[in-house]
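**Student:** Take a look at this one; I'll ask things after.
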Amino acid sequence: MFEENTEEVILKRMLDKTPDDIDKRESSLLYNTLAPVSLELAFAYSNLDRFLSYAFPEQDTPVEFIEKRANEEGIKIKQAESAVKKGYFYDSNKKFIDIPLGSRFSIDKFNFKAIEKIEPGIYKMECEKTGVEGNNPSGQLIPIDYIENLSIAELGEIIREGIDIESGEDLFNRYSEKIQKPITSGNPNHYKQWAKEVAGVGDAKPVPLWAGNGTVKVVIMDSNKKAPSKELIDKVFEHIEEARPIGPKVTIIGVTEKQLSVTANIALANGFNIGQVQQEFIILLDKYLKDIAFKLTYISIARIGNLLLNTPGVLDYMNLKINNSTANIGLQDEEVPVLGTVELGV
């Protein structure tokens, strides 16, 4: 809107409005006086243009500006959460022993703290760093402080997945849904909004009257567009129970993952190797499958072929198959596609 207000244009407008009997040549007193002013005005116009666009956000708008608009609609950004995993603690005879709550351990570049006893020798261990990175470590824990009789400490399976802070794109999508899809007390859009307000939920699909009058089912997936944990399902149920109107019986279930295995032969461009190309294709395919979750009822083999052709280093492909088939792969209402194996040959 203000892009035409450059430093040169502003300076020219000011000089044109000055009487001709005053020296306006470059390096004159007037010129040197107005030049810095025109620069500052051009900078101000540039900021106005940027802030005007931020007032009407898009997916790529900086998240802090999306957050301001979302807050107007009562939508808060979902904060990051720490991973919680099981910890197992043994003495020198490989027998379980108890440890003090609050005991801290290190593994790789992460620290975990004992926050709750599950049963003798088994504890909930919370990562001290928030985000999905805390989901990855497993194996031998190293105690930060001395613990009497402790010989072996191991970090095991995930109890609660760590979650990154909500991305600007996801926040924008939730904001857009509320604006574009009318919400009334207890309609399907409302149940979808309530479910997606819970940290860790990537998307939700409400199914009204699924078991007769007065019943609502909500199918959810986690933020990775995969089947959610039982803990996340329980959190969504509790949140909706607090928010919903009196009456309906609500059931929350997780999506069913449909594994997809892709095979194909490709013609490689010069300078590329099969491992490099396969890794790039996996990234594109994984993103595509996450993007279409709950949006499409089938996996198009033609679309997968198009992704393959758009992978750097691929000149052409042959014998493309999904789950050993050359046909489209159907998806049930409660299924989401997840990437299994990818095998590309030449």
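The values are calculated or read from the model by the stated rules, or taken from the named source; none is laboratory data. Predicted model, so just to flag it, every value in this text is computed and none were measured. Please note: Cβ atoms are built from the backbone with ideal geometry, for glycine as well, and neighbour counts cover all protein chains shown. Note: accessible area is taken over every heavy atom of the protein model, side chains too, but ligands, DNA and RNA are not part of it. Shrake-Rupley method; radii C 1.70, N 1.55, O 1.52, S 1.80 Å.
**Student:** Taking the C-alpha atoms of region 72-136, how large are the radius of gyration and the largest Cα-Cα span, Dmax, in Å?
**Tutor:** Reported Rg and Dmax, both Å: 15.2, 60.
**Student:** Additional query: Let me check the size of the chain from its C-alpha atoms; what are the radius of gyration and Dmax in Å?
**Tutor:** For the chain, the Cα-based Rg and Dmax read 28.5, 101 Å.
**Student:** May I pose another question? Which pairs in the list 17/68; 85/196; 117/178 are over 31 Å apart, alpha-carbon to alpha-carbon?
**Tutor:** Details: 17/68 41 Å; 85/196 24 Å; 117/178 41 Å.
From the list (17/68; 85/196; 117/178), the Cα-Cα distance tops 31 Å for 17/68; 117/178.
**Student:** Out of the DSSP beta bridges found with both residues in the chain, what percent are antiparallel (nearest 5)? Working shown, then result.
**Tutor:** Numbers: 44 of 60 bridges.
If I count the DSSP bridges inside the chain, around 75 percent turn out antiparallel.
**Student:** Specify the inter-centroid distance of region 298-332 and region 219-283, based on alpha-carbon positions, in whole Å.
**Tutor:** 19 Å
**Student:** How big is region 145-215 by Rg and Dmax over its Cα atoms, in Å?
**Tutor:** Rg and Dmax of region 145-215, Cα atoms, are 20.1, 61 Å.
**Student:** Semi-axes of region 216-343's equivalent ellipsoid from the Cα gyration tensor, sqrt of 5 times each eigenvalue, largest first, rounded to whole Å?
**Tutor:** Working: eigenvalues 280, 39, 21 Å².
Gyration-tensor ellipsoid for region 216-343: 37, 14, 10 Å.
**Student:** Taking all protein chains in place and a 1.4 Å probe, what share, in percent, of the accessible surface of region 201-301 do carbon and sulfur account for? Present the calculation step by step, with values, prior to reporting the outcome.
**Tutor:** Numbers: 2780 of 5150 Å².
Here it works out to 54 percent.
**Student:** What is the P(r) of region 295-346, as percent of Cα-Cα pairs per 5 Å bin from 0?
**Tutor:** Distribution as computed: 4, 16, 28, 27, 15, 7, 3, 0 percent.
**Student:** Would you list, by chain and number, the lysines whose Cα falls below 17 Å from the Cα of residue 249, excluding same-chain residues fewer than 8 positions away?
**Tutor:** Residue 249 reaches 192, 205, 217, 235.
**Student:** Roughly to the nearest percent, how much of the accessible area of region 21-70 is carbon and sulfur, given a 1.4 Å probe? Mind dumping the intermediate values first?
**Tutor:** Numbers: 2100 of 3480 Å².
Here carbon and sulfur together make up 60 percent of the probe-accessible area.
**Student:** Still on this structure, I have one more. How many nm separate the modelled label positions at residue 122 and residue 16, each set 7 Å beyond the Cα in the direction of the Cβ?
**Tutor:** Those two pseudo-labels are separated by 8.0 nm.
**Student:** What does the helix-only formula give at 222 nm for the chain: each DSSP H stretch with n ≥ 4 adding -39500 (n - 2.57), the total divided by the residues, and the result rounded to the nearest 500 deg cm²/dmol?
**Tutor:** Values: 8 runs with 111 residues, N = 346.
So the calculated ellipticity at 222 nm is -10500 deg cm²/dmol.
**Student:** How much area per residue is accessible in region 95-248 when the probe is 1.4 Å and only protein heavy atoms are counted (Å²)? Each step should come with its number before you reach the end.
**Tutor:** Working: 8080 Å² over 154 residues.
Heavy-atom SASA per residue in region 95-248 reads 52 Å².
**Student:** Distance in nm between label sites at residue 133 and residue 325, each 7 Å beyond Cα in the beta-carbon direction?
**Tutor:** So the two model labels end up 4.1 nm from each other.
**Student:** While we're here: If I build a Gaussian network model for the chain, linking alpha-carbon pairs within less than 10 angstrom, which residue out of 135, 270, 32 has the largest mean-square fluctuation?
**Tutor:** Highest fluctuation among the options: 32.
**Student:** Please report the orientation-averaged projected area of region 1-94, defined via the convex hull of its C-alpha atoms, in nm². List each step's numbers first, then the result.
**Tutor:** Details: hull surface 54.4 nm².
Reported value for the Cα convex hull: 13.6 nm².
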